[in-house]
1. Contact order normalised by length for region 51-134, with contacts defined as Cα pairs under 8 Å and 6 or more residues apart; what percent is it?
2. Work from the charge dipole of region 16-153 (Cβ charges, +1 for Lys and Arg, -1 for Asp and Glu, about the Cα centre) and give the residue of 34, 64, 147 farthest towards its positive end.
3. Residues with amide H under 5 Å of residue 13's amide H, sequence separation 5 or more or different chain, H placed in the peptide plane at 1.01 Å from N; which?
4. Provide the per-residue ³J(HN,Hα) series for region 108-117, in order, calculated from phi with Karplus coefficients 6.51, -1.76, 1.60 and θ = phi - 60°, each as a whole number of Hz, with x at glycine and proline positions.
5. Note the full-extension length gain between residue 159 and residue 33 as 0.36 nm times their separation in residues minus their Cα-Cα distance, in nm to one decimal.
6. When a footprinting reagent is the concern and you count Cβ atoms within 10 Å, what order do 30, 135 take, fewest first?
Amino acid sequence: MLKRLYGWTLEKAEHPKALWILALLSFTESSFFPIPPDVLLIPMVLAAPTRAWRIAFVCSVASVFGGMFGYYIGYALFDAVGQPIIDFYHMQEKFLWFQAKYNEWGAWIVGLAGFSPIPYKVFTIASGMTEMSLSTFIIASAVSRTARFFLVAALLWKYGTPIRDFIEKRLGLLTLLFFAMLFGSFLALKYI
């Protein structure tokens, strides 16, 4: 089943609406959705390496705009929307500690969260809730998200065929590792 889904994703990477779907996923992941855009970014770049930079650009821009929406959730809708998202990730206690330190280290924290597999949406909401400088937030988000997605695209563009062969031979194991890392990052946030 995984191979069929992987093949379908590679096939759809050339579809005219593929970039829009990637943009939507990237936007929503930065504000509330738990699945990172890498699940589409990687197969899209592997299927169309000549479009790697365009794909990374769309993913980056949509992610920054999604981050701005997450900031808005924290700033204007925290009680109605933001708090349930924090509750979903069981981050209540850590969130209070985080809020106290946030303005001091906010730009670095956003930059780290934007580049790493840590759930970025938690930090976009926190930035709005703590009223972090919007310009600082946008700059930190743009630098970190662009660096992350362009690094992935560059590696796939340069080493695409061997990476594609590696992925196709070990798809089940890589899927398991991906979800273990995703779950592990949620656990790390909960207990750190």
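1. 46
2. Positive-most Cα among the choices belongs to 147.
3. none
4. After applying 6.51 cos²θ - 1.76 cosθ + 1.60, I find 5, 5, 4, x, 5, 5, x, 9, 9, x Hz.
5. Values: separation 126, 0.36 × 126 = 45.36 nm, distance 2.95 nm.
Additional length available on full extension: 42.4 nm.
6. Details: 30 28, 135 8.
Final ranking by Cβ density, sparse to dense: 135, 30.
Coordinate-derived values only; no laboratory data. These figures come from a predicted structure and were not determined experimentally. A quick note on method: Cβ atoms are made from the backbone with ideal geometry, for glycine too, and the neighbour counts reach across all protein chains shown.
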